[in-house]
Amino acid sequence: MKCALLVYHGILLLFPIVITGSDAVCGGQLSATEVEESLQFPRSTTSEPPRLRLECEWEITASENNQVLVIITDLTTDISDVLTIFDDVGNSYNFRSEFVLWASVPVISPARKVTVKLVVNNYSEDSATAFAIQYKQVKNCGGYVTSLPSPSVLSTPGFPHRRGDHQDCYWDIRSGDLTKKTKVTITDVQTSSGDFVEVFEHMNRFERIDQSTVGSVEFISLSHRLQVYFHSNEKNSSAGFRATYQQVTCGSSQVLQRNKISGANSPEGSTHNLECNYYFYTPTPEFKMDFRFTVTTEQCCDYLEVFDSGNSLGRFQGNITDLSFTSTGKVRFSYYTDHRGISPGFYTRATLLTASRTFPETSTSTSKSITSPQYPNPYPIHLNYDWIIEAPMSLKISLTIVELDLPVCRFECDYLEVFDGLVSVGKYAGKLTNVTVISATRSLRVRFHSDMFHDEAKGFWATHKLECGRRLNVSSTTYALFQSPGYPKAFPPNSDCIYDFITEPGFKIRILIRRLDTDSCCDYLEISSDSVTLGRFRTIRSHSMTSISNSMRLYYHTDSEGSVQRFRIRYRKVK
């Protein structure tokens with residue numbers, strides 16, 4: 001077998017190329033020019049004899065005053081194999097493990113020559129190791145820099161003046177203290193169509209920033225090192241970008257991978273005066289991320305705030321456990337502490353969801369059904385389905401699991417889980433019927449997960465509707481206020497709600513209807529006491545009445561039409 005090396009945008013790669021003959025070798029000398037060239041290692045079987053260890057080396061050299069640019073466009077390796085890229089100034093990159101590259105990765109050497117070494121252990125025709133690379137030479141732009149505690153500026157040459165020439169610039173930024181992290185903040189981007197800035201850590205690309213990006217964008221290394229790559233189109237004139245970089249003590253940016261649990265936690269030891277951001281990305285937009293996290297902070301001033309696609313999901317303080325949500329985009333955990341006390345902080349676990357789908361639901365007074373796919377027939381494997389059920393403001397949701405038929409495993413396999421807001425209120429498996437959950441908030445999330453194994457189980461069938469009505473204890477002789485949920489907004493259509501007022505024996509209940517708005521046709525408020533109807537009312541502005549005993553019931557009905565249904569009532573106990 002023979003191997004080849006590819007260089008594009010500053011990265012050097014090793015590739016095995018199949019050749020015939022018993023004296024086959026791999027590696028050699030390659031020259032980079034301004035014309036982009038490519039090299040691909042065939043994924044088909046070969047006639048090359050098996051061997052315990054295959055080593056290949058390539059040298060890629062650019063002309064004077066130029067650099068070698070390599071873009072790794074595809075990479076798969078067996079767990080014991082390694083691809084190493086060296087340059088003439090002592091820098092190296094190792095790429096290993098069963099890792100599928102999610103995005104093209106550029107590397108530019110600060111020197112003219114790059115050496116790529118490939119080691120394949122237990123080589124045979126069934127070896128999975130394979131590469132695809134593009135390479136060429138580029139003008140000197142970028143380089144190796146060191147981040148310090150104070151911010152430094154990094155920009156394309158001549159920024160903010162526009163340049164008409166094509167550029168490929170690559171910066172490798174390392175913390176001066178290897179126990180600290182590197183933070184890069186892109187503060188200003190002035191690009192044309194086809195131009196972009198990308199930030200990497202090793203082979204993980206976080207985000208592509210271009211002319212559509214609004215505001216500054218921050219990246220924090222998981223280790224001590226970040227890479228920044230700028231590309232400008234030959235056909236356009238672009239000013240480029242400006243960024244700052246510095247050394248920090250906390251935070252991170254992570255790209256989640258399949259079949260791997262990732263996470264983050266607040267720093268150990270002293271936690272005074274921290275402002276830490278932890279970012280999570282999916283490898284491609286079609287994926288989502290599942291987060292479960294725990295928070296333990298002081299009640300006063302320390303807190304964790306969670307953002308999904310730039311929208312705050314809440315600010316969390318105190319001792320809160322078993323919180324969960326599914327992302328819609330990039331996720332940020334922002335952790336803040338003041339100068340007082342020491343808090344344990346927070347911990348989060350993140351997993352990448354495959355075959356993920358979300359179904360929005362609006363709960364009404366009429367019962368609606370949700371089911372697992374193909375119910376009552378067996379459901380497919382590898383599912384992560386979420387039903388997001390929303391109720392109007394100030395109302396709650398009643399969810400009933402009518403039937404559940406899922407396998408029971410020693411370790412987690414298929415399950416149905418219900419979340420009230422961000423809090424898990426139940427995880428179910430096995431065989432169940434008629435289990436009801438009443439939300440404490442106006443939102444429920446129902447998660448259905450199936451693993452990789454085929455089962456003959458049916459799945460689940462559940463119904464949901466608005467939890468309408470409540471019981472009120474009347475304990476004061478001073479008027480208290482009671483009004484329709486979301487007042488002055490309209491009451492939900494198709495509602496039948498019962499409100500029971502109870503006071504102590506020997507007292508009665510007096511109500512004062514301050515405002516009642518209904519459609520002229522079919523909506524109404526009916527008031528009764530001891531099963532005696534005291535009146536059925538439509539739109540009125542002021543009316544009072546007293547119960548027969550120590551209890552009174554209000555029954556409020558709305559139909560499917562209209563937009564003015566609402567009421568406002570005062571109540572108290574009387575002798």
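Below, the figures for the structure above:
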quantity	calculated
Selection within the range 358-373 - open to solvent by 60 Å² or more (accessible area, probe 1.4 Å), within 24 Å of the chain's Cα centre (by Cα) and closer than 15 Å to residue 395 by Cβ	362
Of all residues in the range 48-90 being at pLDDT 80 or above and small (Gly, Ala, Ser), the one that is surrounded by the fewest Cβ atoms within 10 Å (Cβ to Cβ)	63
Top-ranked residue in the range 407-443 [being acidic (Asp, Glu) and either surrounded by 17 or more Cβ atoms within 10 Å (Cβ to Cβ) or in contact with a Phe, Trp or Tyr (Cβ under 9 Å, 6 or more places away or on another chain) (or both); ranked as modelled with the highest pLDDT]	417
Residues of the range 374-406 satisfying the condition of being crowded, with 16+ Cβ neighbours inside 10 Å and part of a loop (DSSP other than H, G, I, E, B)	375, 378, 379, 391, 392, 395
Counted residues, the range 285-334 - those being of a type in the set (Val, Ile, Thr), open to solvent by 60 Å² or more (accessible area, probe 1.4 Å) and in a strand (DSSP E or B)	1
Residue 389 vs. criteria more than 25 Å from residue 316 (Cβ to Cβ), modelled with pLDDT of 85 or more and within 25 Å of the chain's Cα centre (by Cα)	no
Flag for residue 207 being surrounded by 15 or more Cβ atoms within 10 Å (Cβ to Cβ), modelled with pLDDT under 90, in a strand (DSSP E or B) and among the charged types (D, E, K, R)	yes
Given (1) under 21 Å from residue 326 (Cα atoms); (2) in contact (Cβ under 8 Å) with a residue 24 or more places away in the chain; (3) in a strand (DSSP E or B), index of the condition residue 434 fails	(1)
Condition check for residue 193: of a type outside the set (Lys, Arg) and in contact (Cβ under 8 Å) with a residue 60 or more places away in the chain	no
The range 17-47 - residue that is modelled with pLDDT under 80, open to solvent by 80 Å² or more (accessible area, probe 1.4 Å) and in a strand (DSSP E or B) and, of those, nearest to residue 169 (Cα to Cα)	38
Candidate set: the range 364-373, residues that are modelled with pLDDT of 85 or more and in a loop (DSSP other than H, G, I, E, B); chosen: the one farthest from residue 439 (Cα to Cα)	373
Matching option when the condition is open to solvent by 50 Å² or more (accessible area, probe 1.4 Å) and either closer than 20 Å to residue 143 by Cβ or aliphatic (A, V, I, L, M) (or both), among 174, 258	174
Qualifying residue in the range 536-547 (condition: of a type in the set (A, V, I, L, M, F, W, C) and farther than 19 Å from residue 479 by Cα)	yes
Strands (runs of 3 or more DSSP E) contained in the range 444-548 and holding at least 3 residues open to solvent by 20 Å² or more (accessible area, probe 1.4 Å) and within 22 Å of residue 393 (Cα to Cα)	459-467, 469-473, 480-483, 495-502
Candidates 126, 210 - the one that is of a type in the set (Asp, Glu) and within 30 Å of residue 33 (Cα to Cα)	210
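Here is a yes/no grid of residues against (1) touching a Leu at 6+ places or on another chain (Cβ under 9 Å); (2) at positive phi; (3) touching a residue at least 60 places away in the same chain (Cβ under 8 Å):
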residue	(1), (2), (3)
278	no, no, yes
294	yes, no, no
297	yes, no, no
300	no, no, no
313	yes, no, yes
330	no, no, yes
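The values are calculated or read from the model by the stated rules, or taken from the named source; none is laboratory data. This is a predicted model, so every value here is computed, not measured. Cβ sites come from the backbone with ideal geometry, for glycine too, and all protein chains shown count toward neighbours. When the accessible area is computed, the model is the full protein with side chains, heavy atoms only, and any ligands, DNA or RNA have been set aside. Shrake-Rupley method; radii C 1.70, N 1.55, O 1.52, S 1.80 Å.
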